[in-house]
Amino acid sequence: MIRLEQVTKRYGDAVAVDGLTFEVPEGEVCVLIGPSGCGKTTTLRMINRLIEPTSGHIFVGDRDVMSVTPEELRRGLGYAIQSVGLFPHLSVAENIMTVPKLLKWDRKRMEERVEELLTLVGLPPEEYAGKYPRQLSGGEGQRVGVARALAADPPVLLMDEPFGAVDPLNRERLQTEFARIQRSLRKTVIFVTHDVDEAIRLADHIALMRDGRLQQYATPEEILDHPANKFVHDFMGADRALKRLGRVRVSEAMRTAVPSLSGGRSPQELSTRAACADTRFVYLTDADGRLEGWFDCHAVEIGTTAEDAVTLVDWRDDAVRPDTSLKEALSRMLGHGYRSIAVTDLTGHLLGDVAFSAVEAAMSDSDERMAAAHDAREGAASDEGSVPE
Amino acid sequence: MAMVTEVRPRGRIDRVAATGAVTALVGVAVLPFVVFRANRIVAGAPRSIMDAGPAGLMLLVFAAAALAAAAAPYLWPALTRRQPLALKLAAAGMFGSAAWSVGQAAVRLLAGATELARVSIGAGAWLALVGAAVVEFAADSQLERCWPRRATTVAALVAVACAALFGGMGQLSIVREYQSQASFFWLYVGQHLTLAGAGLAFGLLLGIPLAVASTRWRGVRDVTLGVVGVIQTVPSVALLGLLVIPLAAAGLPGIGSLPAIIALTLYSLLPIVRNTYIGLSEVDPAVVDAGRGMGMSSAQLLLRVEAPLALPLAIEGVRAAAVLVIGIAAITAFVGAGGLGVFVFLGIGQVADDLVLLGAVPIVVLALLADTGLRALAARAVSPGIRGGTT
Ligand SMILES: Nc1ncnc2c1ncn2[C@@H]1O[C@H](COP(=O)(O)OP(=O)(O)O)[C@@H](O)[C@H]1O
Ligand SMILES: [Mg+2]
């Protein structure tokens, strides 16, 4: 649990953070969001005392952060930042061992931990442990940064735009992985971002700030449906139905029994073997069930050559994972011009697909769910009337 | 058997190697190869390479071979691939035969002369050695590190050593000077190393903390970098003179090794402080922030993160300081601190060139050794993660 009570930070006459009060329950992700310069970083860095508050109190667990030395405090709080800050002279393994070394773990335990963490963040240890940071891509560096923050298994993670510097595709993957890791580890996380979609996707609670003041502290659903004021409403954006898709996972809308064929891809053979009766597309996989492409029955019917009816794809780019958000799946479909998109596991095995219509259904579903939740809260909920739609 | 002729376009002449070979040839042809003196201090008579006999001819052949190898890509395009190795072999031959030639010239010229007669190395022979070094450099810059490259370097060293041991170089006046000064020579080498070593050690003891403090406090930085920079602009003889005043005020001797070591310490400060300071201040702030955020204390951050990252530049500074201090230690003989500078000053006083060389050549060798040693240290001590420049 992390609790801020009337926390204020002044620089001379300027107020960077102004009387901030909120509480993050154990095991939840709180996303701090707001325009640039609103005090997100300052807030985060006051929690691990890289910045000392001018006034107010911060509690981690039941302990006032001012009651321990900064070094001791920080060793118990994982810390990951946008610029990563990996130590360039140390290998990936040594980077991850930073805090365990400070805590004087024994060598064997540290090595086991490195393996465990690299596997957790999706980097094969035998390949990555000995690399140096300059040999890593941006996304790999971020993963190592997260692994390093998790090294000593701190109950709390502080993350300042940890995926801010990577390209959108990699960012989506990192978010998916973070969500997966968080589901199993249940850390108390404070996550700073300026990306609304990222916030909606990852947050249990969103703390929206402006000019050092808290504007609203609520769940993503609540903040989308009942913005506390015009600023919150405008900041979260108009496409709220679309935004909410960020919280639905592909696994909740996917079709699992999809027609597929493995092996032997001679087009003539395919057109005879493919069970084109009731579907237009038949997925093609290798002998292990890894997605390789699909076959368009319709194209054959209208007289295209069988060669042109086969589309070969790379599952890494042209399919989504079960825990990808529906919003991301939708944007991939639109980007590629597909009516549906294949779903594979982390190693490319075909699991099913998601159709455009399923996304639509999920959108109206979640609208209904929201409406139901809203009705249930009727009365308690406040000032919707004052918020311009 | 079918002949396979490789048709290659004409390549370019290796200009650097050609320059080296031509330097050697022209130097040997027009400048005195050795200088003969009836005794140690009379004016010398220039002698040509003809006095070296067959050894001299060999030197000319190797220099011509180097020139041919340099031009090979143009003259015989098919042989281009063999050029670097041919250059290395020619350079090794030039080194060996040049050393042998001066020895042979000495033996021949001294054969009928008195005990007092001297033969010293002339400008022509020096240019032959410089030319050989240029050819060697040109070849090395073409050749990857590999065993043939190392083998030919060793061959050159062996050739020079053989020439020195068996080729009559013992007859050269610089060796005669050494023989008559041997006990002083090693004493001065020891003093020289002690002075330079002490200057460097105090420079490190003072410079590293000053550099660290400079990264922490602006005021310290401005004063330190300013003062250290000004010291460097004071000529060494003037600095040694100026030191007399504060030393006298403190009741300490203004001559001897104390002022020498103080001066050397002061000179070593600039490269050490400046490089270490730059190395530390160029550490990525995100890296420092990450370290602090994970709970490193200032000391841990300095030792485990900042220092290893600043190491390449810091060692570079120490290397510059070491070479500088070994050179300036020659001048401290001026205030009676001893060292190899004594030979230089005595030799100048007596107009005995060879005595000057007996001091100067070992100073150059010491500086080269320090330079090589510290480069090797940098190659080992710097993490592979940041080796070769950018972090
Ligand atoms: N060291 C500092 N001195 C003065 N002002 C600062 C300092 N650090 C941050 N600020 C100001 O505090 C405000 C909040 O900064 P920050 O927390 O970094 O914003 P965010 O992370 O939300 O973009 C900004 O207006 C910034 O200019
Ligand atoms: Mg920020």
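Taking the Cβ of A:ARG210 as the center, what net charge do the other residues with Cβ under 12 Å away carry, scoring Lys and Arg +1 and Asp and Glu -1?
So the environment of A:ARG210 carries a net charge of 0.
So what's the net charge close to A:HIS89: Lys and Arg +1, Asp and Glu -1, counting the other residues with Cβ under 15 Å from its Cβ? If you can, show how the numbers build up before the last one.
Working: positive: A:LYS101, A:LYS131, A:ARG134, A:ARG148, B:ARG304, B:ARG380, B:ARG387; negative: A:GLU94, B:GLU282, B:ASP284, B:GLU306.
Local net charge: +3.
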Q) Relative to the first principal axis of the alpha-carbon coordinates of chain B, what is the inclination of helix B:236-249, with its axis defined by its Cα atoms, in degrees from 0 to 90 and to the nearest 10? A) 40
Q. Between the helical axis of A:138-150 and the dominant principal axis of chain A, each derived from Cα atoms, what acute angle in degrees is found, rounded to the nearest 10?
A. 50
Q.
I need the calculated FRET efficiency for the pair B:GLU115 and A:GLU116, taking r as the beta carbon distance and R₀ as 56 Å, to the nearest 0.05.
A. 0.10
**Q.** For chain B, built as a Gaussian network whose Cα springs stay under 10 Å, the top-fluctuating residue of B:PHE166, B:PHE62, B:PHE184
**A.** B:PHE166
Q: Between A:LEU103 and A:GLU26, with labels modelled 7 Å along Cα→Cβ, what's the label distance in nm to one decimal, could you check?
A: 1.8
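How high is the relative contact order of chain A, in percent, counting Cα pairs under 8 Å that sit 6 or more residues apart?
Numbers: 697 pairs, mean separation 60.4, N = 389.
Once divided by the residue count of chain A, the mean separation gives 16 percent.
Once the convex hull of the C-alpha atoms of the protein assembly as shown is built, how many Å³ does it hold per residue, rounded to a whole number? All intermediate terms of the calculation are to be shown ahead of the outcome.
Details: hull volume 210.1 nm³, N = 780.
Value for the protein assembly as shown: 269 Å³ per residue.
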(Q) Between B:VAL154 and B:SER180, how high is the FRET efficiency from 1/(1 + (r/R0)^6) when r is the Cβ-Cβ distance and R₀ = 35 Å? Nearest 0.05. (A) 0.60
Q. For A:LYS104, which aspartates and glutamates qualify as cross-link partners when the Cα separation must be under 17 Å and same-chain residues fewer than eight apart are set aside?
A. A:GLU71, A:GLU72, A:GLU94, A:GLU112, A:ASP153
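Where in chain B lies the longest segment free of trypsin sites (Lys or Arg not before Pro) that are both loop residues by DSSP (not H, G, I, E, B) and have at most 16 other Cβ atoms within 10 Å? Before the final figure, lay out the partial values.
Details: sites that count: B:ARG10, B:ARG12, B:ARG145, B:ARG387.
Longest run free of exposed loop sites: B:146-386.
For chain B, what does the helix formula give at 222 nm: sum of -39500 (n - 2.57) over DSSP H segments with n ≥ 4, over the residue count, nearest 500 deg cm²/dmol? Kindly include the intermediate steps, with their values, before the conclusion.
Values: 14 runs with 278 residues, N = 391.
Dividing the helical sum by the residues of chain B leaves -24500 deg cm²/dmol.
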(Q) What distance in nm lies between label points placed 7 Å from Cα along the C-beta direction at B:LEU258 and B:ALA78? (A) 7.6
(Q) For chain B, take the longest principal axis of its alpha carbons; what is the angle in degrees between that and the long axis of helix B:83-110, to the nearest 10 within 0 to 90? (A) 70
**Q.** Rounded, prolate or oblate (a/c below 1.5 giving rounded, otherwise prolate when a/b exceeds b/c) for segment A:2-248 by Cα gyration tensor
**A.** oblate
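Could you pull out the pairs from A:LYS187/A:LYS230; A:LYS9/A:LYS101; A:LYS101/A:LYS131; A:LYS40/A:LYS101; A:LYS187/A:LYS327 whose alpha carbons sit more than 23 Å apart here? Walk me through the intermediate numbers first.
Details: A:LYS187/A:LYS230 32 Å; A:LYS9/A:LYS101 33 Å; A:LYS101/A:LYS131 19 Å; A:LYS40/A:LYS101 30 Å; A:LYS187/A:LYS327 25 Å.
Flagged as over cut-off: A:LYS187/A:LYS230; A:LYS9/A:LYS101; A:LYS40/A:LYS101; A:LYS187/A:LYS327.
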Q | Local electrostatic count, B:SER383, Cβ distance below 12 Å [Lys/Arg +1, Asp/Glu -1] | A | +3
Q.
Given R₀ = 45 Å, what would the calculated FRET efficiency be for B:VAL220 paired with A:ASP62, taking r from the Cβ atoms and rounding to 0.05?
A. 0.60
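With the cut-off at 1.5 for a/c, could you classify chain B from its C-alpha gyration tensor as rounded, prolate or oblate?
Details: a/c = 3.06, a/b = 1.29, b/c = 2.37.
Oblate.
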Q: Using DSSP to define loop residues, name the trypsin sites (Lys or Arg not before Pro) in segment A:88-120 whose beta-carbon has at most 12 other beta-carbon atoms within 10 Å.
A: A:LYS104
Q) Can you give the helix-only mean residue ellipticity at 222 nm for chain A, where every DSSP H stretch with n ≥ 4 adds -39500 (n - 2.57) and the sum goes over all residues, rounded to the nearest 500 deg cm²/dmol? A) -10500 deg cm²/dmol
Q.
Over 20 Å apart: what share of the alpha carbon pairs of segment B:1-110 falls there, rounded to a whole percent?
A. 50
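We did not get these values from a lab; they are worked out from the coordinates using the rules stated. Note that the coordinates shown come from a computational prediction; the quantities given were computed from them, not determined experimentally. Cβ sites come from the backbone with ideal geometry, for glycine too, and all protein chains shown count toward neighbours.
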